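The values are calculated or read from the model by the stated rules, or taken from the named source; none is laboratory data. This is a predicted model, so every value here is computed, not measured. Reconstructed Cβ throughout: ideal geometry from the backbone, glycine too, with neighbour counts over all protein chains shown.
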Amino acid sequence: MQPQSAQSLNPHCLLQALTASNAGLPAIEFRQWTDKDLGAISAALRQTGLAVSSILAEPVIPLTDPPTSKRGWKDWPPR
């Protein structure tokens with residue numbers, strides 16, 4: 001994957017990263033990754049110097065609910 005220039009970044013992604021950086025935050029976190037433009041996120045992080053502290057992984061299931069947790073992982077990804 002080639003780095004993107006600032007001009008080609010997703011404006012929303014860059015704005016969020018710059019806002020976090022300007023607020024003095026050292027890192028960001030985000031929920032789910034399959035619907036995100038990871039290239040744009042990566043470029044915005046490089047441009048701002050931010051790190052990623054956490055990503056909520058998928059599938060989003062309650063791991064403490066036995067019927068759901070037993071079904072959830074073996075049925076991922078959805079078909």
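Scanning the stretch 17-39 for residues that are in a helix (DSSP H, G or I) and over 10 Å from Leu50 (Cβ atoms) gives Thr19, Asn22, Leu38, Gly39. Considering the stretch 30-59, the residues that are of a type in the set (D, E, K, R) and within 16 Å of Leu15 (Cβ to Cβ) include one that is nearest to the chain's Cα centre (by Cα), namely Lys36.
Among the candidates Ala57, Ala17, which residue alone is in contact with a Ser or Thr (Cβ under 7 Å, 6 or more places away or on another chain) and at pLDDT 65 or above?
Ala17
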